[in-house]
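The values are calculated or read from the model by the stated rules, or taken from the named source; none is laboratory data. Small disclaimer: the values here were computed from a predicted structure and weren't measured. No Cβ is skipped: glycine too gets one built from the backbone with ideal geometry, and neighbour counts run over all protein chains shown.
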Amino acid sequence: MPPIEWRDEFRVHIPEIDQQHKKLAGLINDFETAFQQGRGSEVLDEIIGELIEYSKIHFLTEEKYMAGFAHDLAASHKEGHIRFNEEVCRFIREMKTPSDALPGKIIKFLKDWWHIHITSEDRVFKQKKSRIS
């Protein structure tokens, strides 16, 4: 899969969230690059750990904004964050039993999630913000 490349169409027009989306894309790309270079499970574990920690910050940020101007959608958005965390935790458990296919599955999940998260789920920020600007 090609790396995630930031494009203007991904912007939700909230600079803090846009920066966090770029950082998440970078971490996903780092994971894929490390896997492709055969850098080993320790490096992959480290990147996944960083991705988990950063996603917590990102999700709290989104939930703060969501509560401010899209409170009607806040609960369902938070549920999406919980599902992401559950899936990543499942992958971490699976990483304890090495598998050649697992990193590829993780990469696919992360990239698919990132694109859906930004182009679909987070579009609400762009839509709601434009109504109150």
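List of remarks:
- Test: residue in segment 25-38 that is modelled with pLDDT under 90 and charged (D, E, K, R): no
- Considering residues of segment 11-40 that are among the polar types (S, T, N, Q) and more than 21 Å from GLU121 (Cβ to Cβ) only, the residue farthest from the chain's Cα centre (by Cα): GLN37
- Set side by side, the residues ILE52, ILE57 differ, and just one is hydrophobic (A, V, I, L, M, F, W, C), assigned to a helix (DSSP H, G or I) and either exposed (fewer than 14 other Cβ atoms within 10 Å of the Cβ) or touching a strand residue (DSSP E or B) at 6+ places or on another chain (Cβ under 9 Å) (or both), which is ILE57.
- GLY80 vs. criteria part of a helix (DSSP H, G or I), under 16 Å from the mean Cα position of the chain (by Cα) and at negative phi: yes
- Among the numbered conditions (1) in a helix (DSSP H, G or I); (2) at pLDDT below 90; (3) more than 27 Å from ASP8 (Cβ to Cβ), the only one that LYS105 does not meet is (2).
- Whichever residue in segment 103-120 is surrounded by 16 or more Cβ atoms within 10 Å (Cβ to Cβ) and under 17 Å from VAL43 (Cβ atoms) and, among such residues, is nearest to the chain's Cα centre (by Cα): LEU110
- The one condition from (1) surrounded by fewer than 18 Cβ atoms within 10 Å (Cβ to Cβ); (2) under 18 Å from SER120 (Cα atoms); (3) of a type in the set (A, V, I, L, M) that VAL43 does not meet is (2).
- When PRO3 is tested against (1) surrounded by fewer than 18 Cβ atoms within 10 Å (Cβ to Cβ); (2) part of a helix (DSSP H, G or I), only condition (2) is not met.
- Verdict on ARG83 being closer than 21 Å to PHE35 by Cβ and of a type outside the set (A, V, I, L, M): no
Condition check ((1) closer than 24 Å to TRP6 by Cα; (2) hydrophobic (A, V, I, L, M, F, W, C); (3) touching a His at 6+ places or on another chain (Cβ under 8 Å)) across all residues:
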position	(1), (2), (3)
ALA25	yes, yes, no
GLU50	yes, no, no
ILE57	yes, yes, no
ALA75	no, yes, no
HIS81	yes, no, no
ASP100	no, no, no
LYS105	yes, no, no
HIS115	yes, no, no
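- Filtered by the rule that a residue be surrounded by 12 or more Cβ atoms within 10 Å (Cβ to Cβ) and within 30 Å of LEU44 (Cβ to Cβ), segment 61-89 gives THR61, GLU62, GLU63, HIS77, LYS78, GLY80, HIS81, PHE84, ASN85, GLU87, VAL88.
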